[in-house]
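Notes to accompany the following structure.
The values are calculated or read from the model by the stated rules, or taken from the named source; none is laboratory data. What you see is a predicted model, and the numbers here were worked out from it, not measured in a lab. Positions of Cβ are backbone-derived with ideal geometry, glycine not excepted, and every protein chain shown enters the neighbour counts. Side chains included, ligands, DNA and RNA excluded: accessible areas come from the protein's heavy atoms. Shrake-Rupley method; radii C 1.70, N 1.55, O 1.52, S 1.80 Å.
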Amino acid sequence: MKVFDLFCPHDHAFEGWFASEDDYRSQQQRGLLQCPLCGSGDVRKGLSAPRLNLGARPPAEPARAPAEPAVPAAQLPAVPAEGRGGSLAPEQALQLQQMQQQLQAAWLRMSREIVARTEDVGPRFAREALDMHHGEIAERPIRGQATHEEALQLLEEGVAVLPLALPEAAKETLQ
């Protein structure tokens, strides 16, 4: 089993598990790889450290992180503006990378929770939402697609809608 660090054009980092290097290339050529955050299919492989199983000792228990880490704004590193010649100190860059990973993980958890708790009605979303709003059908949590015009109509009717781009990877169970 090969575990690769993968990146999309937005530098979202995620892992991919493959049977072999050939399996990775095959999936990439067939367009099967997709960023779980933004849905981009333009995925590249980054540097990955090999995992060597040299002993029979069980792995140590990892330290448990808080369920939803909150980082106060005062603790966020200042990112210099482009063109000012500044750069992040190594510890600030590491802290920024860790926060980005936490945010990505939180986004994926939230996306999967939404998928698990809602029914996908696809392009029927606007019609279903209006029918529920007018009391013609029972209310239930739904998600789907709506055109810009349909979304405006829903808002004008007083239906609360939230545009949310859910990546395809969040809609599937990970193997």
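Of the residues making up the range 6-39, those that are touching a residue at least 12 places away in the same chain (Cβ under 8 Å), surrounded by 13 or more Cβ atoms within 10 Å (Cβ to Cβ) and over 15 Å from the mean Cα position of the chain (by Cα) are Phe18, Asp23, Tyr24, Gln28. Counting the residues of the range 158-175 that are exposed (fewer than 10 other Cβ atoms within 10 Å of the Cβ), at pLDDT below 65 and farther than 15 Å from Ala105 by Cα gives 2. Can you confirm whether Glu68 is open to solvent by 100 Å² or more (accessible area, probe 1.4 Å) and either modelled with pLDDT of 90 or more or assigned to a strand (DSSP E or B) (or both)? When the stated conditions are applied, Glu68 does not pass them.
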